[in-house]
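Report on the following structure.
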Amino acid sequence: MTNVKYHRVVLKLSGEALAGETGFGIHPPVIKEIAAQIKQVHDLGVQIGVVVGGGNIWRGETGAELGMDRAQADSMGMLATIMNGLALQDGLEHLGVEVRVQTSIDMRQVAEPYIRRRAIHHMEKGRVVIFAGGTGNPYFSTDSAAALRAAEIDADVILMAKNNVDGVYNADPNKDPNAKKFDELTQLDILNKGLKVMDSTASSLSMDNDIPFVVFNMAENGNIKRVVEGEKIGTTISGGKE
Ligand code: UDP
C-alpha cells in the first residue's frame with residue numbers, strides 16, 4: 001500500500017450529495033463523479049466502508065412535523081438510504097470496483113444483511129462495503145450510523161464529505177463573511193460551542209470510541225484522496241476528550 005494516513009475509513013455521504021443541483025432524488029452523473037473519487041482512494045489500497053444518508057429522498061423528521069408517526073416516517077428514511085446505496089453500488093461497479101451493499105434492515109433479494117465480520121472480510125478482500133439503512137433504528141441519523149459502523153469495524157477515521165462547505169466554521173460561511181474556519185477541534189469543543197456538525201449521538205459515539213471525524217469539501221475533485229493521504233484540509237475533530 002502507498003503511504004497513506006488512514007488504512008480503513010468510513011466515508012459518510014449525505015443524501016443531498018447524490019442529488020445534484022435539483023437537491024432532490026438521485027442524479028446518476030453525480031453518482032458517477034462520487035464513484036470516481038471513491039475509486040481514487042480504493043486504488044491506493046485503502047479499505048473503504050461508505051455510510052449513505054437519505055435526505056435527498058425522505059427525512060423522518062419532516063414526515064413527523066407533518067403529522068406522521070415518527071418511527072414510521074423514520075422507517076421510510078432508512079429505506080431511502082438503501083436506494084442511495086444501490087445507486088452508489090451501480091456507479092462503482094461501472095468503474096470496475098467490487099462492492100457489496102449491506103443493509104441494517106433485511107432485504108436479501110437486493111443486498112446482503114449487515115454482518116460485521118463479513119463486512120470486515122469484504123474490506124480485507126478489497127471490496128468497498130456500502131452500509132445502507134442507517135442503524136436500522138428510528139430516531140437515529142446516518143451520522144450516528146457512521147460513528148457506530150466505524151467503531152464496529154475499527155475504522156481509523158470517519159470522512160464526513162460535504163458539498164457546500166470546506167470544514168467547520170464558527171458561523172455559516174455562506175451567510176457571514178467574517179466566519180472563521182477551525183482546523184482542529186475536539187468533540188467536546190463541538191458540544192461546548194454548540195456547533196452543528198453532527199447530532200449528539202454521533203458525537204458521543206466518536207468520543208467514547210476515540211474515532212476522529214474529518215469534515216471536508218467533496219465538491220473539489222480529489223479531496224477524499226487528499227484527506228486519506230494526510231493532507232491537512234477541512235477540519236479534523238478528534239474523538240478523544242483532550
Ligand atoms: N434514519 C433512521 N435511523 C437511522 C438512520 C436514518 O431512522 O439510523 C432515517 C431518518 O428518518 C433520517 C433518514 O433516515 O431522516 C435519512 O437519514 P439522514 O437524515 O441521516 O440522511 P442525510 O441527512 O445524511 O442525507
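A compact table of results
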| read-out | value |
| --- | --- |
| Failed item in (1) closer than 20 Å to residue 138 by Cβ; (2) away from the ligand (no atom under 12 Å from the Cβ); (3) open to solvent by 60 Å² or more (accessible area, probe 1.4 Å), with residue 107 passing the rest | (3) |
| Residue 202 vs. criteria open to solvent by less than 60 Å² (accessible area, probe 1.4 Å) and closer than 24 Å to residue 33 by Cβ | no |
| Single unsatisfied condition, residue 192 versus (1) touching a strand residue (DSSP E or B) at 6+ places or on another chain (Cβ under 6 Å); (2) assigned to a helix (DSSP H, G or I) | (1) |
| Pair list, Cβ < 7 Å and 6+ apart or interchain, from region 76-94 residues that are closer than 15 Å to residue 50 by Cβ and open to solvent by 80 Å² or more (accessible area, probe 1.4 Å) to residues that are within 13 Å of the ligand (Cβ to nearest atom) and at pLDDT below 95 | none |
| Residue list for region 137-178, filter: within 13 Å of the ligand (Cβ to nearest atom), under 30 Å from residue 124 (Cβ atoms), outside any helix (DSSP H, G or I) and not basic (Lys, Arg) | 137, 140, 141, 158, 160, 161 |
| Matching residues, region 58-96, being within 8 Å of the ligand (Cβ to nearest atom) and part of a loop (DSSP other than H, G, I, E, B) | 58, 59 |
| Filter pass, residue 35 being buried (at least 18 other Cβ atoms within 10 Å of the Cβ) and more than 14 Å from the ligand (Cβ to nearest atom) | yes |
| Selection within region 120-136 - within 14 Å of the ligand (Cβ to nearest atom) and in contact (Cβ under 8 Å) with a residue 60 or more places away in the chain | 130, 131, 132, 134 |
| Residue that is farthest from residue 89 (Cα to Cα), among those in region 1-57 that are more than 12 Å from the chain's Cα centre (by Cα) and of a type in the set (Asp, Glu) | 21 |
| Given (1) more than 8 Å from the ligand (Cβ to nearest atom); (2) within 23 Å of residue 206 (Cα to Cα), index of the condition residue 52 fails | (1) |
| Matching entry among 112, 65, 98 (being over 16 Å from residue 10 (Cβ atoms), of a type outside the set (S, T, N, Q) and in contact with a strand residue (DSSP E or B) (Cβ under 6 Å, 6 or more places away or on another chain)) | 112 |
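Here is a yes/no grid of residues against (1) among the aromatic types (Phe, Trp, Tyr); (2) out of contact with any helix residue (DSSP H, G or I) (no Cβ under 9 Å at 6 or more places or on another chain); (3) over 24 Å from residue 27 (Cβ atoms):
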site: 83; (1), (2), (3): no, yes, no
site: 108; (1), (2), (3): no, yes, yes
site: 112; (1), (2), (3): no, no, yes
site: 125; (1), (2), (3): no, yes, yes
site: 128; (1), (2), (3): no, no, no
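The values are calculated or read from the model by the stated rules, or taken from the named source; none is laboratory data. Predicted model, so just to flag it, every value in this text is computed and none were measured. Virtual Cβ from ideal backbone geometry, glycine too; neighbours counted across all protein chains shown. Accessible surface areas use protein heavy atoms only, side chains included; no ligands, DNA or RNA. Shrake-Rupley method; radii C 1.70, N 1.55, O 1.52, S 1.80 Å.
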